[in-house]
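Peer 1: Questions regarding the structure given below will be posed in turn.
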Amino acid sequence: MNAPWKPGAGGPRDPFHAFVCDDHSFDLVRAVASELGWAPEKVNKGGMRNAVQSLSITASPQILFVDMSESGDPLNDINSLAEVCEPGTVVIAAGQVNDVRLYRDLVASGIQDYLLKPFGADQLRDALAQAQAVFMAPRDAAPERPHMTVAVIGTRGGVGASSIATSLAWMLSEKKKRPTALLDLDVHFGTNALALDLEPGRGLTDAIENPSRIDGLFIERAMVRASDTLAILSAEAPISQPMMTDGGAFYQLLEEFRLAFECSVIDLPRNMLIQHPHLMTDAHVTLIVTELTLASARDTIRLLSWLKSNAPQSRVLVVANRVHPGSPEISRKDFETSIERKVDILIPFDLRIAAQAAKLGKTLAETAKGSKVGAACALMLDHVLGAAVAAAEDAPEGKAAAKKGDSLLGKIDFRKMIPARRKDKVAALDD
């Protein structure tokens, strides 16, 4: 609807759609639409209900005219319309209720104008001209903050990488108020949605099975909202159903995330890192989540070496998670000596907080407020934001491209892996 503009969302839109309830309005709107050079067949009968049903499966137009004469609850119906309308759509409503309070409520809900029926051709022309001016007016520039992508990788199963990923995504969205996408790439056994007390949905499996569907509208509808600023894309695929993909769908999803969100947090299992290394080409920060054990030390060394060779642009932070207050298998000092670098963040083990988070369906960071675990999570957030700023300063335009070119991954054009879509979308990627 007439919401803040989302840069890059979707492809070219139809200029005009209309949904009207009576024959007189139908004929009048068709005639005026034809005068303006718009296709008269885009004027439909059916009113609000037909508009919601139609726009739930098709792209929204630039300007939408909807007749609310048959609506029993106009404000609730407008909210239903807003759920299926892409941001940027300018909506003109018409109805038979002559009430200034209703008009104000509709305008507050995002409606551009409200015409009282019966309206004349001149009134309709004026309303459409104003709607065109609103749609064509310069939009607010994109946020000054560049998009930030964070990859979270566990050295071993069970070290708590998913718990760290969900906590980080929650803190970015709630504490920093940054629109954040959380991508759980464990398509069979992922726990990110479960940790947030959500149903995973079919968004990720649909994307893998049919990558050509991935665009701004798909992202808007497929992702599960945890809050106004946090959305998650995950799966719970049948364990008898292997996911066959070349990884192009994942790269395409991340491209759309960059257009729709300020931050992306990727919960990246080790096997996915091996199979689809291109997922790391644009990661600004990488969290290696580990425990203070011999096996984790070995795999931390291997991951650090891999990242240095294949993702040199990414700032790496080592997070020691679930550190018991007693003597760990390896002391922190010996662990750091083994990996030849410092552990950046140490998160203590607290069984009570972990159990409470699981029972409440909340992230560890949210449940641990006011505790040592909460303080460690806040420190992790500060480290991530600081590392992202440092990565941006070290890799300005041109320099970042040179750094990518130093590695094998940087020399591969991963856009060629994206399945063919409409010509206009492919051209947009090339621009």
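Peer 1: Using a 1.4 angstrom probe and counting only protein chains, how large is the accessible area of Asp334 in Å², to 10?
Peer 2: 90
Peer 1: Report D for the stretch 72-151 in µm² per second (integer): Stokes-Einstein, Kirkwood Rh on Cα pairs, 4 °C, 1.567 mPa s.
Peer 2: Working: Rh = 14.8 Å.
This corresponds to a translational diffusion coefficient of 87 µm²/s.
Peer 1: Here's something else I'd like to know. Suppose only helical runs count, i.e. DSSP H with n ≥ 4. What mean residue ellipticity at 222 nm does that imply for the chain under -39500 (n - 2.57) per run, divided by all residues and rounded to the nearest 500 deg cm²/dmol?
Peer 2: Values: 18 runs with 186 residues, N = 431.
That comes out to -13000 deg cm²/dmol.
Peer 1: Using the Kirkwood radius over C-alpha pairs as Rh, can you work out the diffusion coefficient of the chain via Stokes-Einstein at 37 °C, viscosity 0.692 mPa s, in µm² per second?
Peer 2: 137
Peer 1: Now, a different point. In square angstrom, what is the accessible area per residue of the stretch 227-348 with a 1.4 angstrom probe? All intermediate terms of the calculation are to be shown ahead of the outcome.
Peer 2: Details: 5290 Å² over 122 residues.
Using a 1.4 Å probe on heavy atoms only, each residue of the stretch 227-348 averages 43 Å².
Peer 1: Report, in debye and to the nearest 20, how large the dipole of the chain comes out about its Cα centre when Lys and Arg carry +1 and Asp and Glu carry -1 on their Cβ.
Peer 2: Result for the chain is approximately 1440 debye, rounded to the nearest 20.
Peer 1: If you average 1/r over every pair of different alpha-carbon atoms in the stretch 270-310 and take one over that average, what Kirkwood value in Å do you get? Don't skip to the end; give the middle numbers.
Peer 2: Details: mean 1/r = 0.0903 Å⁻¹.
One over the average 1/r among Cα pairs gives 11.1 Å for the stretch 270-310.
Peer 1: Could you put Tyr103, Tyr251 in order of accessible surface area, largest first, with the 1.4 Å probe and the full protein assembly present? Don't skip to the answer; put the middle values down first.
Peer 2: Working: Tyr103 90, Tyr251 15 Å².
The ordering from most to least exposed comes out as Tyr103, Tyr251.
Peer 1: Determine how many Å³ per residue the convex hull of the Cα atoms of the stretch 218-275 encloses.
Peer 2: Values: hull volume 6.4 nm³, N = 58.
Spelled out: Cα convex hull of the stretch 218-275, divided by residues, is 110 Å³.
Peer 1: Taking Rh as the Kirkwood radius, which is the inverse of the mean 1/r over Cα pairs, what is the Rg/Rh value for the stretch 15-166?
Peer 2: Details: Rg = 20.3 Å, Rh = 17.4 Å.
My calculation puts Rg/Rh at 1.17.
Peer 1: Work out the length of the dipole vector of the stretch 220-306 about its Cα centre, built from +1 on the beta-carbon of each Lys and Arg and -1 on the beta-carbon of each Asp and Glu, and round it to the nearest 20 debye. Show your work: numbers first, answer last.
Peer 2: Values: 6 positive and 11 negative charges, 55 e Å.
Charge dipole, the stretch 220-306, about its Cα centre: 260 debye, nearest 20.
Peer 1: Next question. In Å and from the alpha-carbon atoms only, list the Rg and Dmax of the stretch 141-268.
Peer 2: Reported Rg and Dmax, both Å: 13.8, 47.
Peer 1: At most 15 other Cβ atoms within 10 Å and a DSSP loop assignment: could you name the chymotrypsin sites (Phe, Trp or Tyr not before Pro) in the stretch 157-245 that fit? All intermediate terms of the calculation are to be shown ahead of the outcome.
Peer 2: Numbers: sites: Trp170, Phe189, Phe218; in loops: Phe189.
The qualifying sites are Phe189.
Peer 1: If I ignore ligands, DNA and RNA and count only protein heavy atoms, how much of Arg322 is accessible to a 1.4 Å probe, in Å² to the nearest 10?
Peer 2: Spelled out: Arg322, probe radius 1.4 Å, area about 90 Å².
Peer 1: What is the calculated FRET efficiency for Arg49 to Asp382, with r their C-beta to C-beta distance and R₀ = 60 Å, to the nearest 0.05?
Peer 2: On the way: r = 49 Å, r/R0 = 0.82.
For Arg49 and Asp382, the calculated efficiency is 0.75.
Peer 1: Now for a different question. Which three extents, in whole angstrom, do the alpha-carbon atoms of the stretch 32-121 cover along their principal axes, largest first?
Peer 2: Cα extents, longest axis first: 34, 30, 22 Å.
Peer 1: Treat each spin label as a single point 7 Å out from the Cα along the C-beta direction, and report the Phe349 to Lys369 distance in nm.
Peer 2: In this crude label model, Phe349 to Lys369 measures out at 2.8 nm.
Peer 1: Provide Asp382, Asp206 ordered by accessible surface of protein heavy atoms (probe 1.4 Å), highest first. Display every interim value, and only then the final one.
Peer 2: Numbers: Asp382 90, Asp206 40 Å².
Heavy-atom accessible area, descending, gives Asp382, Asp206.
Peer 1: Same structure again: Counting only C-alpha contacts under 8 Å and six or more residues apart, can you give the relative contact order of the chain as a whole percent? Before the final figure, lay out each step's value.
Peer 2: On the way: 752 pairs, mean separation 65.0, N = 431.
Result for the chain is 15 percent.
Peer 1: Separate question: Can you list which of the GluC sites (Glu not before Pro) found in the stretch 323-376 are DSSP loop residues with at most 10 other C-beta atoms within 10 Å? Kindly include the intermediate steps, with their values, before the conclusion.
Peer 2: Working: sites: Glu329, Glu336, Glu340, Glu366; in loops: Glu329, Glu340.
Of the GluC sites (Glu not before Pro), the ones in loops of the stretch 323-376 whose Cβ has at most 10 other Cβ atoms within 10 Å are Glu340.
Peer 1: Pick out, in residue order, every one of the trypsin sites (Lys or Arg not before Pro) in the stretch 137-217 that is DSSP loop and has at most 15 other C-beta atoms within 10 Å; say none if there are none. Walk me through the numbers before you get to the answer.
Peer 2: Numbers: sites: Arg139, Arg156, Lys175, Lys176, Lys177, Arg202, Arg213; in loops: Arg139, Arg156, Lys175, Lys176, Lys177, Arg202.
The qualifying sites are Arg139, Lys175, Lys176, Lys177, Arg202.
Peer 1: How many angstrom lie between the Cα centre of the stretch 249-271 and the Cα centre of the stretch 55-93?
Peer 2: Using only Cα atoms, the two centres lie 30 Å from each other.
Peer 1: Using a 1.4 angstrom probe with every protein chain in place, what is the largest-first accessible-area order of Ser80, Ser264, Ser240? Write down the numbers at each step before the final one.
Peer 2: Values: Ser80 40, Ser264 5, Ser240 105 Å².
Reading off the accessible areas and sorting them downward yields Ser240, Ser80, Ser264.
Peer 1: Aspartates and glutamates near Lys117 by alpha-carbon distance under 16 Å, same-chain residues fewer than 8 away left out - which ones?
Peer 2: Those aspartates and glutamates meeting the cut-off are Asp22, Asp23, Asp27, Asp67, Glu70, Asp99, Asp126.
Peer 1: Can you pull the percent of the chain's accessible area that's carbon plus sulfur, 1.4 Å probe, other chains left in place? Could you put the intermediate results ahead of the total?
Peer 2: On the way: 10730 of 20660 Å².
Roughly 52 percent, rounded to a whole number.
Peer 1: While we're looking at this one, here's another question. If you count only protein heavy atoms and use a 1.4 Å probe, how large is the accessible surface of Val319, to the nearest 10 Å²?
Peer 2: So the heavy atoms of Val319 present about 0 Å² to solvent.
Peer 1: Quick one: of Lys175/Lys342; Lys342/Lys369; Lys176/Lys372; Lys308/Lys369; Lys177/Lys369; Lys333/Lys362, which pairs are farther than 29 Å apart, Cα to Cα? Walk me through the numbers on the way to the answer.
Peer 2: Values: Lys175/Lys342 27 Å; Lys342/Lys369 26 Å; Lys176/Lys372 20 Å; Lys308/Lys369 35 Å; Lys177/Lys369 17 Å; Lys333/Lys362 33 Å.
With Cα atoms farther than 29 Å apart: Lys308/Lys369; Lys333/Lys362.
Peer 1: Choose one of Val100, Ile214, Gly46: the residue whose Cα lies farthest towards the positive end of the charge dipole of the chain (beta-carbon charges +1 Lys, Arg; -1 Asp, Glu; about the Cα centre).
Peer 2: Ile214
Peer 1: Any idea which of Gly72, Leu115, Leu172 is furthest toward the positive side of the dipole for the stretch 70-173, if Lys and Arg beta-carbons carry +1 and Asp and Glu beta-carbons -1?
Peer 2: Towards the positive end, the residue furthest out is Leu172.
The values are calculated or read from the model by the stated rules, or taken from the named source; none is laboratory data. Worth saying up front: this structure is predicted, and the values here are computed from it rather than measured. Don't worry about glycine lacking a Cβ; one is built from the backbone with ideal geometry, like all the others, and counts go over all protein chains shown. When the accessible area is computed, the model is the full protein with side chains, heavy atoms only, and any ligands, DNA or RNA have been set aside. Shrake-Rupley method; radii C 1.70, N 1.55, O 1.52, S 1.80 Å.
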